[in-house]
Structure formats: structure tokens, C-alpha cells
Amino acid sequence: MRKLLMTAGAFVSVLWAAPVGAQSCLGQPSFSSGFVHINTVAEFPEGARAYAAAIGAGRPNELFGNVGGGIATYDGLDEKSTYGLLELGYQVPLGRAQLCPVAGLYLGSGPNDDEAGFKIATRGISAGAAAGLPVTLHRVLTLVPNAAVRYEYLSQNLELTGEESVTDTFNSGVLDIGLGLVFFDRVSIQPLMHFPFGGDDQSSSFALFASVSIGWRDR
């Protein structure tokens, strides 16, 4: 059962890294091209798959926020998890680069199996910083190499029919390395690698996310 709990929590790391539109610190379009970002992400940790959609909003070099949700599936299980997230950050220009302190809240439910008699509820927080440096190759394409380091804390409550509920906690650090491909400063596609450290789960994972900037350009 502990392996199931670890698997159920494995995909959470991408939720705090990928969906947020945070300009170059996370390989996304600039908020100067549109103050709203529509984001989608797919994460592929060992034994699970996670898919999310989110909406973010902000202004150039100011506060930004993101809210979203999604589902996760698990190898060998028909049951799924659902989750929601909230994230806040601030964009700090450092010459051509950008630094973003970021903090997030995660709430999840599942996988639940009435026949097997168990339910799982997950709560989590994260905090860290991300940095990126845009490199304009052409007016059409900008490359944004970026990296982030954060601390994650997860609390998972397992309810078993006829038994007392059990709460397990997970602590770890995560290093993310990505390369944003930003087109016309409106659309971005980014592959991202996650490298956990200092916790029970040491398995790296791959994610792919996309962002579309909408709204008026900042003038």
C-alpha cells in the first residue's frame, strides 16, 4: 500500500512546475504578449500518467497566479485520481534573465476503490524558485532554457473499511530542467525533466506542456 501512496504522489511535482505561465523563468510566453495563459500538461512518472489544464494570469515582472486541475491514471488500476491546484509567484528581472519565487497548494482525491475498501486523500504544499534566460533566434522563435529547485511536502490519508485511517507524509526536493520553445511570444511548447532528491522517491520523470497567451498586449 505504501508503494501505491508513493505512486499516487509521484505526479504532483509537475503541477507546481509546468502549468504556471511565468514568462522566461518557466519557459513560457511573456505576460507582455497577453495577460492570460491557457496551459496544458502531461506528466509521465513511473507507474502513472497525469494530465492537467490550468489558467494563469499576471503582468510583466509582477505577481502572477495559476489555478487548475486534472486527472491521473495508474498502471494496473482502473481507478483514477482527481486534483486541483493553486500557485502564486513573483517575476524578478535579472538583466536578460528572470527569477521567480513560487509557492503552491495541492488538493487531491483518489485513487478510491469501494470494492477493495480504500480511499486516498492528498494535501500538499511546495515552495522554491525558478530561473530562465530567453535566447531569441528569430522573431518567430525564442529558446528559453530554464531550471527550478523546490521543496515539496505531501500528506496522504488512507481510509480502509473497518480500520482506522492512516496518514503518511512525504518530503523531498525536486530539480526541474526544461527548454521552452516560444513562438511569436504567444505559444510555447516545453519538454521538462524532473529529478527528485532527498526523499523516498528517486525516480526521474518526463513532462511535456504547452501554453497559449491570450488577451491584449502590454503597451
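The values are calculated or read from the model by the stated rules, or taken from the named source; none is laboratory data. The shown structure was predicted, so the numbers you read here are calculated from the model rather than taken from an experiment. Here the Cβ is made from the backbone with ideal geometry for all residues, glycine too, and neighbour counts use every protein chain on show.
Things worth noting here:
- Count of the range 164-194 residues which are outside any strand (DSSP E or B) and either closer than 30 Å to Val140 by Cβ or touching a Ser or Thr at 6+ places or on another chain (Cβ under 9 Å) (or both): 3
- Remark: pairs (first residue in the range 201-212, surrounded by fewer than 17 Cβ atoms within 10 Å (Cβ to Cβ); second residue at pLDDT below 85 and acidic (Asp, Glu); Cβ separation under 7 Å; 6+ apart in sequence or on different chains) = Ser203/Glu46.
- Restricting the range 167-186 to residues that are modelled with pLDDT under 90 and of a type in the set (Asp, Glu), the residue that is surrounded by the most Cβ atoms within 10 Å (Cβ to Cβ) is Asp185.
- Of everything in the range 95-123 that is touching a Phe, Trp or Tyr at 6+ places or on another chain (Cβ under 8 Å) and over 19 Å from Thr73 (Cα atoms), the residue that is surrounded by the fewest Cβ atoms within 10 Å (Cβ to Cβ) is Pro101.
- Residue pairs whose Cβ atoms lie under 6 Å apart, sitting 6 or more positions apart in sequence or on different chains, and linking a residue in the range 29-58 that is in contact (Cβ under 8 Å) with a residue 60 or more places away in the chain and within 19 Å of Pro191 (Cβ to Cβ) to a partner that is of a type in the set (Asp, Glu) and in a loop (DSSP other than H, G, I, E, B), are Pro29/Asp185.
- Members of the range 105-114 found to be over 12 Å from Ser81 (Cβ atoms) and either among the hydrophobic types (A, V, I, L, M, F, W, C) or in contact with a Leu (Cβ under 6 Å, 6 or more places away or on another chain) (or both), listed by number: Leu105
- Residue check, Glu163 surrounded by 15 or more Cβ atoms within 10 Å (Cβ to Cβ), in contact with a Gly (Cβ under 9 Å, 6 or more places away or on another chain) and either within 30 Å of Pro111 (Cβ to Cβ) or not aliphatic (A, V, I, L, M) (or both): no
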